[in-house]
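The values are calculated or read from the model by the stated rules, or taken from the named source; none is laboratory data. Remember, it's a predicted structure, so these values are computed and weren't measured experimentally. Here the Cβ positions follow ideal geometry from the backbone for every residue, glycine too, while neighbour counts run over all protein chains shown. Quick note on the areas: whole protein, heavy atoms, side chains included, nothing else; ligands and nucleic acids left out. Shrake-Rupley method; radii C 1.70, N 1.55, O 1.52, S 1.80 Å.
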Amino acid sequence: LRINQYSTAAEPSFKQRNPPRVPNLIEGSFVDSKSLASIDVINPATQEVVLQVPLTTNVEFKASVSAAKHAFPSWRNTPVTTRQRVMLKFQELIRRNIDKLAMNITTEQGKTLKDAHGDVFRGLEVVEHACGMGTLQMGEYVSNVSNGIDTYSIREPLGVCAGICPFNFPAMIPLWMFPIAVTCGNTFVLKPSEKDPGASLMLAELAMEAGLPKGVLNIVHGTNDIVNAICDDDDIRAVSFVGSNTAGMHIYARASAKGKRVQSNMGAKNHAIVMPDANVDATLNALVAAGFGAAGQRCMALSTVVFVGGSNSWEQELVGRAKALKVTAGTDPDADLGPVISKQAKERIHRLIQSGAENGARLILDGRNIKVVAGYEHGNFIGPTILSDVSADMECYKEEIFGPVLLCMEADSLEEAINIVNRNKYGNGASIFTTSGAAARKFQTEIEAGQVGINVPIPVPLPFFSFTGSKSSFAGDLNFYGKAGVNFYTQIKTVTQQWKDLSTGSGVSLAMPTSQ
Ligand code: NAD
């Protein structure tokens, strides 16, 4: 799939380049950037340059914010039912185009086509949820708080909001952001990942086809400079970020210092605790799927397993099942794992595996020299890798690896296993596998992670809940989507009204008013 699918483009020059260059979206038009600088988008399975991303100029960035600012007054006054209907149409168009979106994701990001469908679908569910915004955005009312006086609160949109995205979910994460923001009545500037911006552009085109007026959603490109421009811009009221801790904490500090709201979802080290009584087959399947799915490049990947009461038999079985996975280009219908995002990511993952092995961990499955099918020799492939006897002081444990590498640890008791997890700085997700209700309940109560799975490996909540990472995995206090997401993109106005017969008069009182 190529960018020349953007039929609404007013300016065709970006289509004529080879490779094509991804356009900005400003005030409803897909326009090639005037920037001379570009970054290559590389197919991780082949190293082919599929697209280029411009470093959007400052003038273009300002134009995008200005377009969003001008679109705001009329969009915020558009009835919520109309805004919902745009989302209703948008979800239908996403469904209709899901194969094209998935193919674009596989080409730019590398994940398997089946997984890419899941990427789109989990975002689609947020769009579906936004269709009920009339209810979600409802205010509150208390009648007769004082004699003849009522108080009510209204949730109003903020104005221009911005979103900064990571590479690993090119559809789902933009869809966590702009559908909720715009259905609340905000306008938006989106900065997709420079590694795989195609899905964002396709989604924007579909959103406009669904009826989103020009200027309500704008798209700009680049890396640190444009991100800093977003943090500093006086017209942007809120920033949604998903990505690494280095970028996330920088953005949180810089944008908050300018008085903006920030929600920052960051890195993870998600643990599974496996109790001796767990169902063996289901647990092994869950560990393999959540450890190696998406080549480990999910913020909710289970990257560490703590076996309670001995790990030997579990590990042997894990190796057997992991070895059976097929590692190849994501377009192969039989692929279980695609490549990792870049050569640099592959080198970094290799280095962390090596450091684990050199520091006392046992490398019981080494995927570093995996053979891949002809045609993909240059892809960034790493096979499933398992390190056993890992301890908390090892670099491979302290760092988020973000690759198909599963670390195995042991604990003598559930108590000890919970302590291991809680000492880790991250708090995105954690799961327990057990048939004991008492163990599950203790885990749920004592574990310090925002998203808890009980016999569920990847407990990413559906959009009527929120994505609730905690500790170093999140900065801010209003999470993505669900009620928290609506609260993030709205501010409360509280109105106190008095309607009563004032003809009798009550004189002047200079005391602080109290309820009468
Ligand atoms: P990244 O931080 O490198 O990039 C994310 C975005 O930030 C990109 O748009 C990039 O251009 C920008 N950016 C990067 N470095 C920057 C800097 N120094 N200053 C300003 N902007 C910068 O993250 P990534 O590699 O694209 O994504 C992987 C990370 O995202 C992992 O840590 C993963 O755990 C995390 N993630 C978290 C969640 C979650 O919900 N908690 C979900 C998905 C991914």
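Considering only the range 392-425, state which residues are assigned to a strand (DSSP E or B) and either under 25 Å from Leu337 (Cα atoms) or open to solvent by less than 10 Å² (accessible area, probe 1.4 Å) (or both). I'd like the intermediate steps shown before the answer.
We begin by selecting, within the range 392-425, every residue assigned to a strand (DSSP E or B); these are 405-411.
Answer for the range 392-425, where residues must be assigned to a strand (DSSP E or B) and either under 25 Å from Leu337 (Cα atoms) or open to solvent by less than 10 Å² (accessible area, probe 1.4 Å) (or both): Val405, Leu406, Leu407, Cys408, Met409, Ala411.
Tell me, please, whether a residue that is touching a helix residue (DSSP H, G or I) at 6+ places or on another chain (Cβ under 8 Å), over 30 Å from Asp196 (Cβ atoms) and of a type in the set (Asp, Glu) can be found in the range 310-320.
yes
Could you please find all residues in the range 451-472 being at positive phi and either assigned to a loop (DSSP other than H, G, I, E, B) or touching a Pro at 6+ places or on another chain (Cβ under 7 Å) (or both)?
Asn455, the sole residue that qualifies.
Could you please find all residues in the range 209-257 being more than 15 Å from the ligand (Cβ to nearest atom) and either at pLDDT below 95 or basic (Lys, Arg) (or both)?
Matches in the range 209-257: Lys214, Arg237.
Please count how many residues of the range 454-477 are more than 15 Å from the ligand (Cβ to nearest atom) and buried (at least 23 other Cβ atoms within 10 Å of the Cβ).
Of the residues in the range 454-477, 1 are more than 15 Å from the ligand (Cβ to nearest atom) and buried (at least 23 other Cβ atoms within 10 Å of the Cβ).
Conditions first: (1) part of a loop (DSSP other than H, G, I, E, B); (2) within 23 Å of Ala272 (Cβ to Cβ); (3) within 16 Å of the ligand (Cβ to nearest atom). Gly360 passes all but one, so which condition is the exception?
(3)
Look at Thr304 and say whether it is open to solvent by less than 20 Å² (accessible area, probe 1.4 Å), part of a helix (DSSP H, G or I) and at pLDDT 95 or above. Give the steps one after another, and end with the answer.
Details: open to solvent by less than 20 Å² (accessible area, probe 1.4 Å): yes; part of a helix (DSSP H, G or I): no; at pLDDT 95 or above: yes.
For Thr304, the condition - open to solvent by less than 20 Å² (accessible area, probe 1.4 Å), part of a helix (DSSP H, G or I) and at pLDDT 95 or above - is not met.
Looking only at the range 163-187, count how many residues are assigned to a strand (DSSP E or B) and either in contact with a Pro (Cβ under 8 Å, 6 or more places away or on another chain) or more than 11 Å from the ligand (Cβ to nearest atom) (or both).
2
Within 16 Å of the ligand (Cβ to nearest atom), open to solvent by less than 20 Å² (accessible area, probe 1.4 Å) and touching a His at 6+ places or on another chain (Cβ under 7 Å) - does that describe any residue in the range 270-293?
Scanning the range 270-293, I find no residue that is within 16 Å of the ligand (Cβ to nearest atom), open to solvent by less than 20 Å² (accessible area, probe 1.4 Å) and touching a His at 6+ places or on another chain (Cβ under 7 Å), so the answer is no.
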